[in-house]
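See below for the structure under consideration.
The values are calculated or read from the model by the stated rules, or taken from the named source; none is laboratory data. Everything numeric here is computed off the predicted structure, so don't read it as measured data. Positions of Cβ are backbone-derived with ideal geometry, glycine not excepted, and every protein chain shown enters the neighbour counts. Ligands, DNA and RNA are excluded from the accessible area calculation, which covers all protein heavy atoms including side chains. Shrake-Rupley method; radii C 1.70, N 1.55, O 1.52, S 1.80 Å.
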Amino acid sequence: MSPVTAMYVAQAIHGLTYGMLLFLVASGLTLIFGMMGILNLAHASFFMLSAYFCYQVVAWTDSFWIALILAPIGTGLVGIIVERFLLRKVQKLGLGHIGDLLLTLGIALVISEAVKTIWGTESHQVLIPPSLQGLVTVAGLEYPIYRLFIIGLSLVILGALAFILFKTRLGMIIRAAVSDRDMVSALGINMPRVFMFVFGVGTLMAGVAGVAAAPMLTVFPGLADQIGLDAFVVVVVGGFGSLLGAVVVSLFLGELNSFGIQFIPRLAPVLVFLFMALVLSFKPMGFFGERDE
Amino acid sequence: MPTWGMGGCSVFLEINDLNTYYGPSHVLQGISLTVAKGEIVALLGRNGMGKSTTLKTIMGLAKPKSGQVVFQGNSIFGNPPHKVSMAGIGYVPEERRIFPNLSVEDNLLIGVKGGVIDQSNPDAWTLEKMYEVFPSLKKRRTNKGANLSGGEQQMLAIGRALMGNPSLLLVDEPTEGLAPIIVEAVRDILAEINKMGVSILLVEHNLNVAMSLAHRVYLMGKAHIGFVGTVKELDNNPDARAQYLEV
Amino acid sequence: MRKVLKSVSFFIFLCLTASLFLIGPALAGGEFKLEDMSDMSDFDPNNFQNPTGDTFKIGVLQIFSGPGAGNGELFWITTCWVAHDINKRGGIMIDGKKKLIEVIKGDTMGKPATTKKAAEKLVLEDKVDVLWGTSGSHLALVIQGVADRYKKIFHQSLSMSDSLMDEKNFNKYTFQTMWSTNQVGETTAYFYSQRKKEKKFYIICQDYLFGHSLAESFKKGLTKYYPEAEVVGEDYHPLFAKDFAPYLTKAKASGAEVIFTGDWLPDGGNLVKQARQLGVNVPFANIFIDEPNALSAIGPEGTKGLVNLNQYMGDANNEKGMAFGNKWKELWETKWEAPYNTLLYKWPGGTIGYAVETTYWMLDVFNRAGSSDPEKVIKVWEGDVYKGIGGNRLEMRACDHVVIRDTYATEYVYPNPWFTELSSGTEVFTIPAEKSMPVDGARCK
């Protein structure tokens, strides 16, 4: 492969890596909003919280793999507690979206302060596990194994998610609830319990992304901001509640970022918003949007 | 509270002095009605009188402020919808609200309580039985809900509710927007279901359909009940009809 | 007649000699003397006790809360070290009596409005004698305004924009000891021109005013000192960027031999970390990527070859500097606790070095002025020459209150005398002051 081709292929894979990471974060966000109508401003904070959990577990056990399992679970548990004891109460107050926004914003702030109090304001490092370090050479292109791992891991999770959504009754319930959750409730299904589960799973997936991203980025209190905005764009453009929309738009944004930087670097940061404006002017519900809110 | 002309029939569903608000608007002001086991009761009246709200309140989709809702002797007042459903009440809503992104078969399956057909109940609805009673649904079993015609969607909405083996069905405007032939079919299906033992509380603006199905009728004025009686009694009361029904 | 001439000439001779003793000290400027330093073994940054009573107050304006609070942490220890030392010596002479040093925090929170409030509070309520700070030229400018308004000396110790002391922004109360963007560009270009090795440079900077200015000054520096060099590409990334891979792939494909960056952490750390993960082993010429915690995560291999340019550098061959450094390190090893026990605080090089050194200078100036009166301080500081910790010469240019000094470059190697966990600089290359002068500011014509 010529160096120029290698460069383009590398950029394409970079786009996949970032796109899949973005998907892991955005998928939870879109399901939560699509199904529960909750705009979770704290979602990216869970991503960050999981990165800190990962750092801590690695510090205790010296094992990235154990962290990969425990940190997302821990994050998911925090998510479930938040849903069960905070969100549900706020929803009963009947404040509508404002209530959710205020509460999740508050949670984001609490998480932000908590990580600073527990782990300090300095950055922390998580190392790539030895088995995933280094580069692999394919047809003349050298590419880091770890980034390929991120892609692989995300695909596995995407597969699991798709399986649950399209091959299980729970998945059927979730898909139905995205279009009409009251009707699902009227069919005898305990929606509060389903909500809690979806919120927990969505948060867990953001947690997986947090662990995956930790060795690539630095673990510091501003970690949430980096990915939060992009995740929202994915949800809005892909359509609330649409997993397919989340996949497609995440990957597209990843590639847009890579090739934007490659060819029109001065415009690259704005491209995302141009893209969003363009799509929304033709399809205000997003590409695959189904919700009526 | 008085039961109206029931004689010895058991009261299945009883609503007493129900008050519901939508924000500041007092939409139901002291509504009372009953449904006996095996009955079809029709709730009639002009648009906006609170008929749908009454059904929604029973189903737990609207929150009542005060009053009583008793089903089979147990209070279901203020219960969330899934609890009301599990108590044995099925809901066929206005606008059908079938799930557009699910197939016909999945729409039916989602109505199965707990996800598992009750093997111990010989009368339990199964997919086979459903497709016998609703052959049009069988034809379209793999189609997505959004691709069905209005009439097919209505059948699906009814079937979906039935899959939960309800003993009482709340049906809201089932013939709305349907062609006369389909209206007939819907009417017949509801009659057949009732014969199988399902009680029905029906909101219907089509007077002929309502009168041909119901045993008793309630006429709703603004947020209150204005008339109650058998179909025959309503037939013989043109004043009531004039006062509460379409002009 | 002859007798009279003899007496007169003798008398003139006496006067001249006497005046030398008077003017001499004033002309000679100040000097950091390690032997005068107090016994610092009781210094604990977590438990610094501010003196009470009629004290000399330094208002330190930095970020003390939020994600950037690490900055405030850093400049707390540097200022308190100096205060503790001076206090143990008895304080400085102000208006005829010895005053002890009190350090007061002003939280800028990284925002202009908050910075203004904090600076004004320090001046009006806490009645500080001098303002000290801050990171972020847009914030420094705000404090300059406050200094001018209330006629308070402002020691601008941390911001780099060339325009801070230009005609428009200069005021006589502000003294900038931080080197400027222009100097960084010339320092770097001069270093590589003398090295005569690498010719192809790629620029990756943060996409805001500072990043762009730095890139421009580097390009200008290359034109001036190293015209054979080629800038093979330049990219500007958003602050706190998520993924540097696309930029690094471009840089690699361009055939660059060095990547120049002004990125501060975490961007700088992530840039190098991701580069090494991607197999991009090109050295980074940088000014802020000397933070040992971040570098230790990358490890000795990945940090080899990094070139750090700075206005202060720990030099193993500088006896005076090493003597000071070892005293600091001993306390780090034996006494200090979190957050001051990480690798960042092990050696007083780089940022810690220049913050400590210029604070000693500042207090020395006030001591020689013998007063908090800004006019008196200005008279002493303008044109003042100070010998820093390593014996290096710092001159405060009178016309625009910026510092003329040598600057330094070092290439990271392993092993090195400082750390086992990462590569670090051993040989220090000095860029003479005249090769990287600050731009001519306000009154310099």
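Brief remarks follow.
- Taking 13 Å as the cut-off, the amide N atoms of segment A:157-198 that come nearer than this to a point 7 Å along the Cα-to-beta-carbon line of B:Asn121 belong to A:188.
- Simple label model, 7 Å out from Cα along Cβ direction - B:Lys37 to C:Glu319, nm: 11.0 nm
- Under 20 Å from the A:Leu229 label point (7 Å along Cα→beta-carbon), backbone N, segment C:189-216: C:205-213
- Model label sites at B:Glu132 and A:Val270, defined 7 Å from Cα along the beta-carbon direction, differ in position by 6.9 nm.
- Listed residues A:Leu274, A:Leu93, A:Leu135, most fluctuating in chain A (Gaussian network, C-alpha, under 10 Å): A:Leu93
- Sorting A:Ile13, A:Ile98 by solvent-accessible area of protein heavy atoms yields A:Ile98, A:Ile13, largest first, with a 1.4 Å probe.
- Accessible area per residue for segment A:3-282, computed on protein heavy atoms with a 1.4 Å probe, is 38 Å².
- Counting only alpha carbon atoms, the long axis of helix C:319-334 and the longest principal axis of chain C meet at about 70°.
- Cβ-based charge dipole, segment B:3-162, positive-most Cα from B:Gln68, B:Gln29, B:Ala42: B:Gln29
- Chains A and C together bury some 2800 Å² of accessible area, summed over both sides, with a 1.4 Å probe.
- Along its principal axes, chain C has C-alpha extents of 86, 55, 43 angstrom, given from the largest down.
- Angle in degrees between helix A:145-167 and the longest Cα principal axis of chain A, rounded to the nearest 10: 30 degrees
- Dipole axis of the protein assembly as shown (+1 Lys, Arg; -1 Asp, Glu on Cβ), positive-most option in A:Ala67, C:Ser9, C:Ile104: C:Ser9
- By the combined test of axial Cα extent (at least 20 Å) and Kyte-Doolittle hydropathy (mean at least 0.5), the qualifying DSSP H helices of chain B come to B:180-195.
- Paramagnetic label zone (point 7 Å from Cα along Cα-to-C-beta, C:Ala398; backbone N under 12 Å) in segment C:369-390: C:379-385
- C:Lys224 versus B:Asn16: modelled label distance in nm, points set 7 Å from Cα along the beta carbon direction: 9.5 nm
- Descending Cα extents along the principal axes, the protein assembly as shown, whole Å: 155, 68, 50
- Antiparallel beta bridges, as assigned by DSSP with both residues in segment B:11-244, represent about 55 percent of the total such bridges.
- When the Cα positions of B:Leu102, C:Ile431, A:Tyr146 are compared along the charge dipole of the protein assembly as shown, C:Ile431 comes out farthest toward the positive end, with charges on each C-beta of Lys, Arg, Asp and Glu.
- Rel. contact order, % - alpha carbon contacts under 8 angstrom, at least six apart, chain A: 37 percent
- Put the Cα centre of segment C:425-445 next to the Cα centre of segment C:138-199 and the gap is 12 Å.
- Comparing the full protein assembly with the isolated chain (1.4 Å probe, heavy atoms, ligands and nucleic acids excluded), the residues of segment A:105-148 losing at least 10 square angstrom of accessible area are A:Lys116, A:Thr121, A:Glu122, A:Ser123, A:Gln125, A:Leu127, A:Ile128, A:Leu135, A:Glu142, A:Pro144, A:Arg147.
- About the Cα centre, charge dipole magnitude for segment A:3-282 (Lys/Arg +1, Asp/Glu -1 at Cβ), debye: 640 debye
- Dipole in debye (nearest 20) - the protein assembly as shown, about Cα centre, beta carbon charges: Lys, Arg +1; Asp, Glu -1: 720 debye
- A Förster radius of 41 Å, combined with the Cβ-Cβ distance separating A:Ser63 from C:Lys127, puts the computed FRET efficiency at roughly 0.15.
- Acute angle (nearest 10 degrees) that the helix A:64-82 long axis makes with the longest principal axis of chain A, alpha-carbon atoms: 20 degrees
- Per residue, the Cα convex hull of segment C:77-227 amounts to 157 Å³.
- The Rg/Rh ratio for segment B:11-244 is 0.96, where Rg is the radius of gyration of the alpha carbons and Rh is the Kirkwood radius.
- Out-of-range pairs (alpha-carbon distance over 22 Å; input C:Lys219/C:Lys252; C:Lys116/C:Lys172; C:Lys121/C:Lys335): C:Lys121/C:Lys335
- The shape of segment A:1-148 can be summarised by an equivalent ellipsoid whose semi-axes, obtained from the alpha carbon gyration tensor, come to 35, 21, 12 Å from longest to shortest.
- Annotation: B:Asp172 carries an accessible surface of approximately 0 Å², with a 1.4 Å probe and no ligand, DNA or RNA atoms counted.
- Accessible surface calculations at 1.4 Å, restricted to protein heavy atoms, place chain C at 40 Å² per residue.
- Cβ-Cβ FRET estimate between C:Glu427 and A:Met1, R0 fixed at 45 Å, reported to 0.05: 0.70
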